[in-house]
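Here is the structure we will look at.
The values are calculated or read from the model by the stated rules, or taken from the named source; none is laboratory data. Keep in mind the model is a prediction, meaning the values are calculated, not measured. Note: ideal-geometry Cβ built from the backbone for every residue, glycine included; neighbour counts use all protein chains shown.
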Amino acid sequence: MSTSGKDAHLRPLPSSVVKRKVCLVGEEGVGKTSLIRRFVTGEFDEMYVRTLGAVVSKKSVDLEGAEGRARVDMLVYDITGKRTFLELFRDAYLKGVAGVFAVFDMTRRRTLTDLAPWIDGVLQEAGGIPVLALGNKSDLHDRIEVKEEEIESVLGARKIGAVGTSAKTGVNVEEAFLGLARDMLLASRQ
């Protein structure tokens, strides 16, 4: 699994700060809140807290490329893992979204197969925005159930890349968020 957009070039931006809305979607317990916490604060908490509705966090990132620098204020929406919630409030939470992380738990195969309706709902509402799948809990090597060919089966037809992450250890979390930030900037320039 690898992130997309790592080699992308950034054009100089006319303003010093660009705001982009990012949503994390996926089933309950896959680690969406933990990934956001790791990215925003650099911390991890073992305690599971169910997200009710949506919670918004913010982090500014500086990106550098061959063609310039950009500061991106990422407004990160942590959406509850209940698909009925997304179906009812899809317009409210996906309006203006510039990028999405579709999160599944590497130790629970069903969270990958259940990811398809989340992705399809996002694409139906938001169109051709950058989407990256995160296979979270990749540090739990002895408990991993999800195989590469299963990831390809679910994500390949949708042309969505995937990267293994661990909110607990921080592996690939920062890189995934920075990669999505780059992809969102590039998408807005096309």
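Applying the selection to region 8-27, what residues are at pLDDT 90 or above, in contact with a strand residue (DSSP E or B) (Cβ under 6 Å, 6 or more places away or on another chain) and part of a loop (DSSP other than H, G, I, E, B)?
26
Those residues that are closer than 21 Å to residue 143 by Cα and either surrounded by fewer than 22 Cβ atoms within 10 Å (Cβ to Cβ) or polar (S, T, N, Q) (or both), I need them from region 34-46; list them, please.
Hits for region 34-46 are 34, 44, 45, 46.
Which residue out of 162, 181 is out of contact with any Cys (no Cβ under 9 Å at 6 or more places or on another chain), within 19 Å of residue 26 (Cβ to Cβ) and surrounded by 22 or more Cβ atoms within 10 Å (Cβ to Cβ)?
One residue alone meets the criteria, 162.
Which of the residues belonging to region 136-160 are in contact with a Ser or Thr (Cβ under 7 Å, 6 or more places away or on another chain) and either modelled with pLDDT of 95 or more or assigned to a loop (DSSP other than H, G, I, E, B) (or both)?
136, 137, 138, 139, 140, 143, 144, 145, listed by residue number.
When the residues of region 134-153 are filtered to those that are touching a residue at least 40 places away in the same chain (Cβ under 8 Å) and under 16 Å from the mean Cα position of the chain (by Cα), which remaining residue is surrounded by the fewest Cβ atoms within 10 Å (Cβ to Cβ)?
Only one residue tops the list, namely 151.
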